[in-house]
Amino acid sequence: MVYLDNAATTPVNPAALRAAWPWLTEEFGNPSSTHELGQRASDALEDARARVAAWLDCRASEVVFTSGGTESDNLGITGLALANPRGRHIISAKTEHEAVIETIDYLTRFHEFEVTWLPVDHFGVIAEADFVAALRDDTTLASLMLANNEIGTLHPIARFAELTHEVGAAFHTDAVQAAGWLDTRISTIGADALALSGHKIGAPKGSGLAYLRGRLAVEPLMHGGGQENGRRSGTENVAWAIAIATAIEALPNFAEEQPRVQELRDEFIREVLKSVPSATLTGHPSSRLPNIASFCFEGVSGEAVLLELERRGVIVSSGSACAAGSNEPSHVLIACGFDAELAQTAVRFSFSHLTSQEELQQAAAALRESIAAVSSI
């Protein structure tokens, strides 16, 4: 099997699982308990938090462990928007992940927020002039992803954060798909809130974290015992916190790894565009994640292509796994100006650090055969 759906999920890193195992078995203490077993759990939890903070280049107190990217997005957006008295205006884009779009929709329906949805061009790029024009005196929050999970297009988040801060508003970014591939240090990107999901980087599903700038007030989503510095009540999952810290530390150096994987990606893209005449690359041709190559194939069924690829041992997806089962075309491609019929033909190939040139050659050959098979039906 050639697995090229790493943007949907990654296999658990064995080191992360081994590190977590003791805290699922003999070290089962509640980190809020004052006895020795609980205190050992508390010490392990804070050690994991410090390790994550070192990677993010932030204070340990600003790291909140969550159940994954969706919760982290909800906490960052809702938590900052409701706690900030500045205004009721939010800026975002329709190419965001559903976790961001639906959270903002909730705020407009139940808390009387107003949202400006920024336009994107055919490559999914947001113009700086459009972002500046959207900023208002009552803007309380802007939320834009670091890299798109479907088409891979990058956004200049550091610049957008700078512009947001100039008017006194806060900036949130969904960095779920970018983690491990781009520089996500807070000192680099300047965000006030950031979301990350464990299962995209080799930790178990159900693990995640949010960065929340310490000086900002945050309204928690869950109320209770005041764990996580009052920002997320509930008994902490010590094992998964340790797993995600271990998975993060096992990630290759992005500065060294990015050029190598990017070269594989570009070679794969060239081969597909040369050998499949109906193929159209989606996303920006160069300013994109190094591990994502997504195409539309005019005149064929995207789902049929997926099935044919799977028959040939190549596992991919049509886009966001969070929208799986939906008959609707990709909201990202629609926002980029693709018509609905073409958008429904999308197929996304997403690589890992372990993906080889031979696997991509096999995938390209399988794709040619799959397109030929569905075109003859």
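Read-outs throughout are calculated quantities, based only on the coordinates presented, and are distinct from any laboratory measurement. Predicted model, so just to flag it, every value in this text is computed and none were measured. Cβ placement follows ideal geometry from the backbone for every residue including glycine, while neighbour counts extend to all protein chains displayed.
Helix content alone sets the calculated 222 nm mean residue ellipticity of the chain: runs of n ≥ 4 DSSP H residues at -39500 (n - 2.57) each, divided across all residues, give -12000 deg cm²/dmol. Treating r as the C-beta distance of residue 253 and residue 223 and R0 as 45 Å, the FRET efficiency rounds to 0.65.
In the Gaussian network model of the chain, springs joining C-alpha atoms below 10 Å, which of 283, 208, 230 carries the largest mean-square fluctuation? Looking only at 283, 208, 230, the largest GNM fluctuation is found for 230. The alpha carbon gyration tensor of segment 2-64 gives principal lengths a ≥ b ≥ c with a/c of 1.5 or higher and a/b no greater than b/c, which makes the shape oblate. Dividing the mean sequence gap of close Cα pairs (under 8 Å, 6+ apart) by how many residues segment 145-206 holds gives a relative contact order of 32 percent. If the segment from residue 263 to residue 129 were pulled out straight at 0.36 nm per residue, it would be longer than the present Cα-Cα gap by 45.1 nm. The translational diffusion coefficient of segment 117-233, from Stokes-Einstein at 20 °C and 1.002 mPa s with a Kirkwood hydrodynamic radius over alpha carbon pairs, comes to 139 µm²/s. What percent antiparallel are the DSSP beta bridges of segment 46-167, to the nearest 5? Beta bridges within segment 46-167, antiparallel portion: roughly 10 percent. The shape of segment 223-368 can be summarised by an equivalent ellipsoid whose semi-axes, obtained from the alpha carbon gyration tensor, come to 33, 21, 15 Å from longest to shortest. Counting Lys and Arg as +1 and Asp and Glu as -1 over every other residue whose Cβ lies under 14 Å from the Cβ of residue 68, the net charge comes to -1. Roughly what % antiparallel, to the nearest 5, for the DSSP beta bridges in the chain? Expressed as a percentage, antiparallel bridges in the chain total about 55.
Site-free segments of the chain were taken between GluC sites (Glu not before Pro) in DSSP loops having at most 14 other Cβ atoms within 10 Å, sites themselves excluded; the longest one is 113-297. Projected label points at residue 102 and residue 334, each 7 Å from Cα along the beta carbon direction, are separated by 1.5 nanometres.
Here the spin labels are modelled as points 7 Å beyond Cα on the Cα-Cβ line, and at residue 358 and residue 25 they lie 3.5 nm apart. Multiplying each eigenvalue of the alpha-carbon gyration tensor of the chain by 5 and taking the square root yields semi-axes of 35, 27, 17 Å, largest first, rounded to whole angstroms.
Note on residue 159 and residue 94: the extension gain reaches 21.5 nm, defined as 0.36 nm multiplied by sequence separation minus the Cα-Cα distance. For the Cα trace of segment 29-113, dividing Rg by the Kirkwood Rh returns an Rg/Rh value of 1.11. Expressed in units of 2.2 N^0.38 Å, where N is the residue count, the Cα radius of gyration of segment 204-263 is 1.53.
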